[in-house]
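Beneath this line is the structure, given in structure tokens, with notes to follow.
The values are calculated or read from the model by the stated rules, or taken from the named source; none is laboratory data. Not measured: the values here are computed from a predicted model. Cβ: placed from backbone, ideal geometry, glycine included. Neighbour counts: every protein chain shown.
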Amino acid sequence: MTVSAVSLLSGGLDSLLATRLVQDQGVKVTGLQFISPFFGSCLKWEAEEAVRRYKEHFEIDAKIIDLSEEYLGVVGSPDHGYGKNFNPCIDCKIFLFKKALDYMRESGASFLITGEVVGQRPMSQRRYTMDLIANKMGAKDILLRPLCAKALPPTLPEREGWVDRQKLMNFSGRSRKPQMALAKELGIDGYPAPAGGCVLTDPILSGRISRYFAATAPEKRSVSELLLLLSGRPFRFPGGSILTTGRSEGENNAMIRLAGEGDLFVKVPDIPGPLGIFRQIGEVDERALAASVVLRYSPKSPEEYKVGVGVRPEPSDYLLTARKATDEELETYRV
């Protein structure tokens with residue numbers, strides 16, 4: 001009988017290596033990559049391409065699962081507090097592990113795999129917190145960490161012989177050299193460069209998020225609003241409305257997919273400049289403010305000019321005359 005397992009994929013090298021170490025021992029592995037507004041959000045629109053890349057480039061069968069709505073509750077009220085910024089790393093791991101455990105049980109798999117390494121992350125990958133997370137998830141003995149397994153007590157998959165402990169690793173600390181050497185040995189290339197994948201650990205972006213959570217009641221927090229505030233150059237006006245503008249042609253193109261029902265595009269016609277996504281919140285009509293900000297970031301426009309505000313990216317639906325926002329006004333609106 002073929003043993004099967006579920007692996008938590010982060011999008012980085014460590015989880016790829018952990019998955020392959022087990023998969024190459026004959027275990028059937030399904031990889032789960034969970035996404036939210038704070039990590040993996042681009043895959044919201046690119047899930048099929050990501051699944052194809054996992055299969056063709058890394059030989060891993062993967063699923064992309066969006067946990068955005070539920071995850072807002074984890075961020076807003078973590079039992080174990082925050083890290084250096086607005087990152088609830090311990091509660092995040094417990095939440096994701098429980099979701100993976102649910103999937104494991106539903107699919108009939110036998111154990112879980114993660115790419116964690118002892119001592120790699122200051123908050124969630126110390127030995128004490130790794131034990132805490134495993135205990136809180138409710139199934140410590142079936143959680144296998146192949147990259148540092150030899151530094152930990154044997155788990156059920158090792159004791160049962162589903163995997164050979166001698167073929168697992170003893171990595172520890174923050175150095176990436178052992179992982180890079182193992183990737184070369186396994187023939188894995190084209191993997192992402194090491195980086196903090198969660199915006200909740202970013203000093204600037206986490207500040208935007210914490211201010212949003214502080215100013216917005218839990219029942220009114222919105223995934224789509226957070227995506228707007230985390231994209232491009234975001235502004236919030238006195239009446240509560242949100243404007244996000246692109247900072248490059250690439251961002252202008254990417255931002256079109258952020259527009260939800262009722263959102264408006266803001267663009268200066270016939271002059272190079274940003275595309276804005278405007279969301280009216282509250283009773284005050286703040287389209288003119290949005291137009292003035294977009295005009296300010298269109299450097300070749302005059303001080304006063306017409307700006308398109310409408311349901312299509314091309315500025316043809318509704319034109320209003322606006323004046324460029326001042327630097328002082330921009331600072332007032334900037335998120």
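I'm told residue 76 meets every condition in (1) in contact with a Pro (Cβ under 7 Å, 6 or more places away or on another chain); (2) buried (at least 19 other Cβ atoms within 10 Å of the Cβ) except one. Can you identify the failing condition by its number? Every listed condition holds for residue 76 apart from (2). Among the residues of the stretch 317-335, those identified as surrounded by 12 or more Cβ atoms within 10 Å (Cβ to Cβ), in a loop (DSSP other than H, G, I, E, B) and either among the hydroxyl-bearing types (Ser, Thr, Tyr) or touching a residue at least 60 places away in the same chain (Cβ under 8 Å) (or both) are 318, 335. Is it the case, given these coordinates, that residue 213 is under 24 Å from residue 245 (Cβ atoms) and surrounded by 12 or more Cβ atoms within 10 Å (Cβ to Cβ)? Yes, satisfied.
I need the full set of residues from the stretch 97-121 which are out of contact with any helix residue (DSSP H, G or I) (no Cβ under 9 Å at 6 or more places or on another chain), within 19 Å of residue 136 (Cα to Cα) and not charged (D, E, K, R), in order please.
103 - this is the single residue of the stretch 97-121 that is out of contact with any helix residue (DSSP H, G or I) (no Cβ under 9 Å at 6 or more places or on another chain), within 19 Å of residue 136 (Cα to Cα) and not charged (D, E, K, R).
Anything in the stretch 61-112 that is at positive phi and modelled with pLDDT under 95? List them, or say none. If the condition is that a residue be at positive phi and modelled with pLDDT under 95, then 81 is the only one that fits.
Tell me whether the stretch 12-27 contains one or more residues that are part of a loop (DSSP other than H, G, I, E, B) and surrounded by 18 or more Cβ atoms within 10 Å (Cβ to Cβ). Yes - at least one qualifying residue is present in the stretch 12-27.
Within the span defined as the stretch 212-227, every residue fails to be without any contact (Cβ under 8 Å) to a residue 12 or more places away in the chain and closer than 27 Å to residue 323 by Cα. Identification of helices (runs of 4 or more DSSP H) wholly contained in the stretch 221-311 with 3 or more residues that are buried (at least 20 other Cβ atoms within 10 Å of the Cβ) yields 223-229, 287-296. Comparison of 182, 205 shows that the only residue that is in the same structural domain as residue 44 (by TED's automatic domain parsing), hydrophobic (A, V, I, L, M, F, W, C) and surrounded by 13 or more Cβ atoms within 10 Å (Cβ to Cβ) is 182.
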